[in-house]
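One structure below.
The values are calculated or read from the model by the stated rules, or taken from the named source; none is laboratory data. Here the structure is a predicted model, which means the values were calculated and not measured. Here the Cβ positions follow ideal geometry from the backbone for every residue, glycine too, while neighbour counts run over all protein chains shown.
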Amino acid sequence: MVKKIETALVHAGRKPTRDYGFVNPPVVRGSTVLHKSVAAKAEIGRYQFEPVEIYGLCGNSTHFALEAAIAEIEGGSHAQVTGSGLSAITVPLLAYLKSGDHLLVPDSVYGPTRSFCDRMLRRYGIATTYYDPMARPEDLRPLFQANTRILFTESPGSHTFEVQDIPALAALAHELGAKLFLDNTWGIHHFQPFTHGVDVSIQALTKYPGGHSDIILGAVVVNSEADWHWLRLGALELGNYASPDDCWLALRGLRTMHVRLKAQEAAGLRIAQWLEQRPEVARILHPAFPSCPGHEFFVRDFTGACGLFGIVFQPRYTAADVVRMIDGLKLFGIGASWGGYESLVLPTTGTIRRSAGTGMFEGEMARLQIGLENTDDLIEDLEQGLGILRAA
């Protein structure tokens with residue numbers, strides 16, 4: 001039976017008849033797993049690629065339940081839970097790459113991903129080339145080298161929300177012998193990576209799956225046995241681990257993720273549309289808006305949006321002006337995360353790092369995460385904040 005996403009979010013990873021009738025899987029904590037005999041231990045040790053309790057570091061039923069749920073939601077065959085969203089990026093990169101390899105990364109990528117490529121991967125003899133996230137396949141082709149192993153994508157892009165043409169990029173990567181990686185954190189629920197050619201899909205479960213700003217967690221999903229062996233072996237060799245308590249909280253968060261996302265999508269669109277009409281705003285960077293680079297790919301490939309988007313202010317306002325506005329907001333917390341129940345804001349101009357000549361915007365920028373507050377209250381808060389901006 002093929003389940004719709006709302007049904008999958010409620011039922012995925014649950015086996016209530018096995019778990020003594022309780023609707024939620026239990027939290028299992030532990031390091032040592034006891035075996036009936038030496039022979040039994042030797043036998044079970046052969047199943048490191050299966051959801052079998054071998055040793056705590058290899059996972060237990062709480063991990064396996066979450067992994068099964070995330071794999072189902074993403075449309076993949078296997079998932080590996082990791083200790084953070086960043087480790088969901090670094091673990092597969094280290095699992096797939098070796099000294100002498102090369103990868104391509106969009107210029108709009110999440111800052112810690114860029115730092116990992118520029119520092120650790122470079123130290124290990126792995127070269128990175130940054131590319132325009134809106135480059136067409138024919139423009140990107142010359143950047144591929146004989147040793148290019150991964151075409152990394154992040155769609156929408158971090159802070160600036162460029163939507164990439166993932167099917168076209170996947171086709172190019174596969175033609176030239178590379179894997180297509182996608183950071184799909186923004187698009188969870190709304191973008192099915194493996195129907196669009198992705199090989200490895202990355203999620204920061206900290207965000208919408210957790211939903212309550214109280215866990216740090218990630219996941220990597222693949223859709224073939226060959227990719228699963230690369231990923232799983234790499235995760236085990238790197239000593240990757242995630243807290244069972246965080247896994248249990250992520251499972252609980254998944255059950256309500258559809259209704260939270262639906263509410264935050266609607267609230268985000270309403271607030272973004274209101275801001276777009278304001279004279280202080282030059283444009284809105286929201287994939288659902290025609291003003292956002294790659295909007296046509298969003299319309300074609302996504303079923304909806306989340307509540308995270310960017311603002312570009314009119315050029316007459318300075319960075320200090322925008323900071324005063326943000327400091328004056330009452331309901332928007334100043335915080336770096338997103339996907340939780342609370343609304344957040346960050347100035348982003350100074351955090352955008354580019355090296356491929358992209359990311360030119362007409363004014364200072366900020367990023368808004370729209371939570372579950374009343375939208376009229378949030379608009380009233382932004383109204384008084386814009387008053388501070390005008391008075392600067």
Could you list all residues from the stretch 339-387 that are among the aromatic types (Phe, Trp, Tyr) and modelled with pLDDT of 95 or more? Tyr341
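For (1) closer than 30 Å to Pro26 by Cβ; (2) among the aliphatic types (A, V, I, L, M); (3) touching a residue at least 60 places away in the same chain (Cβ under 8 Å); (4) in contact with a Lys or Arg (Cβ under 9 Å, 6 or more places away or on another chain), each residue gets a yes or a no:
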| residue | (1), (2), (3), (4) |
| --- | --- |
| Asp245 | yes, no, yes, yes |
| Leu251 | yes, yes, yes, yes |
| Leu254 | yes, yes, yes, no |
| Arg260 | yes, no, yes, no |
| Arg270 | no, no, yes, no |
| Leu275 | no, yes, yes, no |
| Ala305 | no, yes, yes, no |
| Phe309 | no, no, yes, yes |
| Val312 | no, yes, no, yes |
Options Gly59, Gly75; residue that is touching a Pro at 6+ places or on another chain (Cβ under 8 Å) and surrounded by fewer than 23 Cβ atoms within 10 Å (Cβ to Cβ): Gly75
Given (1) touching a strand residue (DSSP E or B) at 6+ places or on another chain (Cβ under 9 Å); (2) of a type in the set (S, T, N, Q); (3) surrounded by fewer than 18 Cβ atoms within 10 Å (Cβ to Cβ), identify the lone condition not met by Gln369. (3)
Could you give me the residue pairs with C-beta distances under 8 Å whose first residue belongs to the stretch 325-354 and is assigned by TED's automatic domain parsing to the domain that holds Leu269, whose second residue is buried (at least 16 other Cβ atoms within 10 Å of the Cβ) and acidic (Asp, Glu) wherever it lies, and which are 6+ apart or on separate chains? Leu329/Asp381; Lys330/Asp381; Leu331/Asp381; Phe332/Asp381; Gly333/Glu342; Pro347/Glu364; Thr349/Glu364; Arg354/Asp107
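Tell me the residue from Leu151, Leu180, Leu217 that is in contact (Cβ under 8 Å) with a residue 12 or more places away in the chain and either under 26 Å from Ser291 (Cβ atoms) or out of contact with any Asp or Glu (no Cβ under 8 Å at 6 or more places or on another chain) (or both), please.
After ruling out the rest, the residue left standing is Leu151.
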Restricting to the stretch 279-294, and then to whatever is touching a residue at least 40 places away in the same chain (Cβ under 8 Å), closer than 20 Å to Pro167 by Cα and touching a helix residue (DSSP H, G or I) at 6+ places or on another chain (Cβ under 9 Å), can you tell me which residue is surrounded by the fewest Cβ atoms within 10 Å (Cβ to Cβ)? Cys292
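Yes or no: Arg14 at pLDDT below 90 and exposed (fewer than 14 other Cβ atoms within 10 Å of the Cβ)?
no
Quick grid of which residues meet (1) assigned to a strand (DSSP E or B); (2) surrounded by fewer than 21 Cβ atoms within 10 Å (Cβ to Cβ); (3) modelled with pLDDT of 95 or more; (4) outside the structural domain of Leu97 (by TED's automatic domain parsing):
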| position | (1), (2), (3), (4) |
| --- | --- |
| Trp186 | no, no, yes, no |
| Ser201 | yes, no, yes, no |
| Tyr208 | no, no, yes, no |
| His229 | no, yes, yes, no |
Which ones in the stretch 306-343 are aromatic (Phe, Trp, Tyr) and in a loop (DSSP other than H, G, I, E, B)? Tyr317, Phe332, Trp338, Tyr341
Need the failing condition index for Ala65 against (1) at pLDDT below 95; (2) buried (at least 19 other Cβ atoms within 10 Å of the Cβ); (3) not in a helix (DSSP H, G or I), just the number. (3)
Looking at this structure, is Gly157 assigned by TED's automatic domain parsing to the domain that holds Ile70, crowded, with 24+ Cβ neighbours inside 10 Å and farther than 16 Å from Pro133 by Cα? no
Picked from the stretch 23-46 (must be more than 29 Å from the chain's Cα centre (by Cα) and surrounded by 11 or more Cβ atoms within 10 Å (Cβ to Cβ)), the residue modelled with the lowest pLDDT is Gly45
